[in-house]
1. Sort 246, 93 by Cβ crowding within 10 Å, fewest neighbours at the top.
2. Could you work out the longest stretch of the chain that avoids the GluC sites (Glu not before Pro) located in DSSP loops with at most 16 other Cβ atoms within 10 Å?
3. Count neighbours as other Cβ atoms within 10 Å of each site's Cβ, and list the chymotrypsin sites (Phe, Trp or Tyr not before Pro) in region 23-118 that are DSSP loop with at most 16 such neighbours.
4. Given 5 Å bins starting at zero, what is the percent of C-alpha pairs of region 138-267 in each, up to the one with the largest pair distance?
5. What are the extents of the Cα atoms of the chain along their three principal axes, in Å, largest first?
6. Length gain on complete extension for the stretch residue 109 to residue 150, per 0.36 nm per residue less the alpha carbon to alpha carbon distance?
7. Report the relative contact order of the chain, percent, no decimals, based on alpha-carbon pairs under 8 angstrom and at least 6 residues apart.
8. Gap in Å between the Cα centre of region 75-102 and the Cα centre of region 153-182?
Amino acid sequence: MEQEIIQKLHQLRQQSPLVHNITNFVVMNNTANALLAIGASPVMVHSSREVKDVVGISGALVINIGTLSEEWAEGMLIAAAHAAQVGCPWVLDPVGAGISPFRNDVLKELLSHSPTAIRGNASEIIALASFASTGGKGVDSVASSADAVSSGRLLQENYGAQVCISGETDYIIGKDSWAEVNNGSVLMTKVTGLGCTASAIVAAFLALRQEPFLEAVAGVSLCSLAGELAARQSIGPGTLQLNMYDTLYNLSEDEIRIHLKVKEYAY
């Protein structure tokens, strides 16, 4: 699988796809810089009056509900509906799923527009599966990524999305197979927004529009690998942020072959 991921990275760097981000205030700058570093081109547009136009020219879309508002929700729903209509791959990042009825209602509407991929932490994936299937409000407890695998399977079966669960071990759940990634660093948990970065990088790979499962695996695994390699050169969260961009930019075939820990399993 490592060689296939290397090929995907080559394609991404050659094509430099435009990735439309409707994301939160906290991570906009970090997300845009990470996309540039790995070889994609970011655009950050939120207005309901123009998201449809931007989706139409983009390779992929990311919807991240971190700093949700009624105005932004309107733009998100228009963008998701148009992406589904025109076949633009899109990623849902359900930040804070389960914390309020408003957020849950917006997520339910977004799910109805068939996201190509969903990426979240364990608690978000469990909450999303819970209220999407039973109408509940999700969970408050912190769970491990392994705990969320069954919820990820449920989401995949119900919505057809590639479901990416971030944690100490990352899981990517597809229709016919699933993968686990054992890269990353505990230092990554001290930097806000790296999960949001992973969602954007997944979207960049999905913009290749060939093999959604493999592209989702490539996005998750290379983000985790970059974090691991960057952490080795870092003395704390501040230097990790800078080293993360440099590592994404310079990530080589040899580093992927030597250090990537990814396994694929058939159901």
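1. Fewest-to-most Cβ neighbours within 10 Å comes out as 246, 93.
2. Longest gap between qualifying sites, sites excluded: 51-167.
3. Taking region 23-118 and a limit of 16 other Cβ atoms within 10 Å, the loop chymotrypsin sites (Phe, Trp or Tyr not before Pro) found are 25.
4. So the P(r) values, bin by bin, are 2, 11, 20, 24, 21, 13, 8, 3, 0.
5. The Cα atoms of the chain stretch 45, 38, 36 Å along the principal axes, largest first.
6. Difference between extended and current length: 12.5 nm.
7. 20
8. So the separation of the two Cα centres works out to 18 Å.
Computed from the coordinates by the stated procedures, all read-outs in this text should not be read as laboratory data. Predicted model, so just to flag it, every value in this text is computed and none were measured. Heads up, the Cβs are rebuilt from the backbone with ideal geometry, glycines too, and the neighbour counts pull from every protein chain shown.
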